[in-house]
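Asker: Before we start, here is the structure in question, set down as C-alpha cells.
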Amino acid sequence: MIKDKLTYRTHWTIRRFADDAAFRAGVPTAVVDANGVELPAVTEIEGNLLLNEGIQLLLDLLIGAGGTAYNNANSYIGVGDTNTAESASQTGLQAPTNKLYKAMESSYPSRASQTVTWRAVFGSSEANYAWNEFTVANGSSDSGTNLNRKVSAQGTKASGQTWTVDVAITIS
C-alpha cells in the first residue's frame with residue numbers, strides 16, 4: 001500500500017527592540033512591556049491552525065483557479081489582543097478593536113527550498129496593546145483571506161518599542 005503524507009510546519013519568531021536605535025542596529029533586546037513585565041529579546045513559537053478560507057485559496061492558486069496570492073504586494077501579518085481559541089472556520093483576527101494588519105518588509109515573503117517566510121515590522125507607535133493572536137492574510141483587514149491563525153500570549157507592546165514578526169511555513 002502506498003501512503004501519501006504531507007508535513008506542514010509553522011514557526012513564528014517575535015523579535016523585540018527597546019527603541020528605534022536598537023531596531024536600526026538590528027539587535028533585539030529584552031524589553032519591559034506596557035504592564036511592567038520583562039520580555040525576552042526573541043520568542044520562538046511553533047504551530048498554528050490553517051483556516052478553511054486559506055486552505056481553499058491555496059488549492060485555487062495551485063490549480064490556477066484564480067485568487068489573490070500571498071505575495072509582497074498583498075501579504076500582511078495581523079496581530080490582535082484576543083485569546084479566543086483558534087477555529088478553522090474563523091476568517092480573520094478575532095479582536096474587536098485592538099488589531100493591526102501590517103504589510104511585508106520589502107523582500108518578503110521569500111522562499112528557500114520548501115520554506116516560505118513572511119516578515120512585518122510593527123513600529124514604535126503601532127500595535128501597542130497585548131499581542132495574543134497572529135495571522136497571515138492577503139489583505140489589510142479581516143476581509144482579506146487569512147491563511148492561518150495562532151493564539152499565544154506574547155506580552156503587551158509598549159509605545160516606543162519596535163517588534164517584528166516572522167512566520168516561516170515549511171511543507172515537505
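Asker: With a Förster radius of 41 Å, plug the Cβ-Cβ distance of SER106 and ILE2 into 1/(1 + (r/R0)^6) and report the FRET value to the nearest 0.05.
Answerer: 0.45
Asker: Heavy-atom accessible area per residue, the chain, 1.4 Å probe: how many Å²? Present the calculation step by step, with values, prior to reporting the outcome.
Answerer: Details: 8490 Å² over 172 residues.
Heavy-atom SASA per residue in the chain reads 49 Å².
Asker: Within the accessible area of segment 73-172, what % is carbon and sulfur when the probe is 1.4 Å and the other protein chains stay in place?
Answerer: In segment 73-172, the share of accessible area belonging to carbon and sulfur is 45 percent.
Asker: Less than 11 Å Cβ to Cβ from ALA22, Lys/Arg counted +1 and Asp/Glu -1: what total charge do the surrounding residues give?
Answerer: With Lys, Arg at +1 and Asp, Glu at -1, the neighbours total +1.
Asker: Turning to a different aspect of this structure: To the nearest Å, what is the center-to-center distance of segment 60-79 and segment 137-172, using C-alpha atoms only?
Answerer: Distance between centres, Cα-based: 15 Å.
Asker: Continuing with the same structure: With θ set to phi - 60°, apply the Karplus curve 6.51 cos²θ - 1.76 cosθ + 1.60 along segment 5-14 and write out the HN-Hα couplings as whole Hz, x wherever there is a Gly or Pro.
Answerer: Ordered by residue, 3J(HN,Hα) equals 9, 10, 10, 10, 10, 10, 10, 9, 10, 10 Hz.
Asker: Which residue, ASN74, ASN132, ASN35, has the most motion in a Gaussian network model of the chain that connects Cα atoms within less than 10 Å?
Answerer: Top of the fluctuation ranking is ASN35.
Asker: Calculate how steeply helix 52-62 sits against the longest principal axis of the alpha-carbon atoms of the chain, using the helix alpha-carbon long axis, and give the answer as 0 to 90 degrees to the nearest 10.
Answerer: Around 60 degrees separate the two axes.
The values are calculated or read from the model by the stated rules, or taken from the named source; none is laboratory data. Keep in mind the model is a prediction, meaning the values are calculated, not measured. Quick reminder, even Gly has a Cβ in these numbers, built from the backbone with ideal geometry, and neighbours come from all protein chains shown. The accessibility values were calculated without ligands, DNA or RNA, using every heavy atom of the protein model including side chains. Shrake-Rupley method; radii C 1.70, N 1.55, O 1.52, S 1.80 Å.
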